[in-house]
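Before any comments, here is the structure.
The values are calculated or read from the model by the stated rules, or taken from the named source; none is laboratory data. Just so we're clear, the structure is a prediction, and the values are computed from it rather than from any experiment. Note: ideal-geometry Cβ built from the backbone for every residue, glycine included; neighbour counts use all protein chains shown. Accessible surface areas use protein heavy atoms only, side chains included; no ligands, DNA or RNA. Shrake-Rupley method; radii C 1.70, N 1.55, O 1.52, S 1.80 Å.
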Amino acid sequence: PLVSGILITIFGGVTLILNDPIYLILKTTIFYVMAASALGIGLIFDKAFIKVMFNGAFTLPHAAWRVLTWRWIAFFLGLAAINVGVYSYWGLDIWVNFKVWGVMAAIFLFTMSQVPFIAKNQIASETSE
């Protein structure tokens with residue numbers, strides 16, 4: 001939220017000053033690339049930052065966290081490319097609808113598509129009665 005807030009402030013301000021919506025599209029694209037980069041940096045240092053994002057919702061072996069991280073990196077980079085493409089080909093009005101509804105649907109569908117992988121690799125928690 002902090003990074004997004006900073007990006008919104010900077011790019012929103014530039015958009016208002018220059019009266020050009022391209023800076024909002026750039027902000028969104030930059031945010032997706034930064035998210036993918038942060039996950040990639042985590043992989044370089046053998047840390048699964050995606051694990052923090054899920055805040056202990058499930059337990060996976062290290063190798064599965066790495067695979068899941070690579071999938072999220074690809075997803076964020078794909079969103080960045082699609083974000084630019086939608087604006088370039090269809091313009092601002094369609095981009096706004098895509099940003100509000102399309103991205104939310106894409107995130108939901110991508111997350112749901114990962115459930116079988118997570119279920120397959122889930123480490124059963126040890127509970128005592």
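Quick one: in segment 83-121, which of the residues that are among the small types (Gly, Ala, Ser) and farther than 14 Å from THR28 by Cβ is nearest to the chain's Cα centre (by Cα)?
Result: ALA105.
If you scan segment 1-16, which residues turn out to be free of Cβ contacts under 8 Å to residues at least 12 places away in the same chain and either closer than 24 Å to TRP90 by Cα or in contact with a helix residue (DSSP H, G or I) (Cβ under 9 Å, 6 or more places away or on another chain) (or both)?
Passing the criteria: GLY13, VAL14, THR15, LEU16.
Would you check which residues across segment 30-55 are farther than 16 Å from THR111 by Cα and without any contact (Cβ under 8 Å) to a residue 12 or more places away in the chain and list them?
SER37, ALA38, ILE41, ILE44, PHE45, ASP46, LYS47
Considering each residue of segment 41-82, count those that are within 15 Å of the chain's Cα centre (by Cα), open to solvent by 40 Å² or more (accessible area, probe 1.4 Å) and farther than 18 Å from ILE30 by Cα, and give that number.
So the answer is 7.
Output the residues belonging to segment 6-27 that are open to solvent by less than 30 Å² (accessible area, probe 1.4 Å) and at pLDDT 80 or above.
Passing the criteria: GLY13, ILE25, LYS27.
Scanning segment 83-123 for residues that are of a type in the set (S, T, N, Q) and farther than 18 Å from TYR23 by Cβ, which turns out least open to solvent (accessible area, probe 1.4 Å)?
GLN114
Tell me, which helices (runs of 4 or more DSSP H) lie completely within segment 61-129 with 3 or more residues that are in contact (Cβ under 8 Å) with a residue 60 or more places away in the chain and of a type in the set (Val, Ile, Thr)?
none
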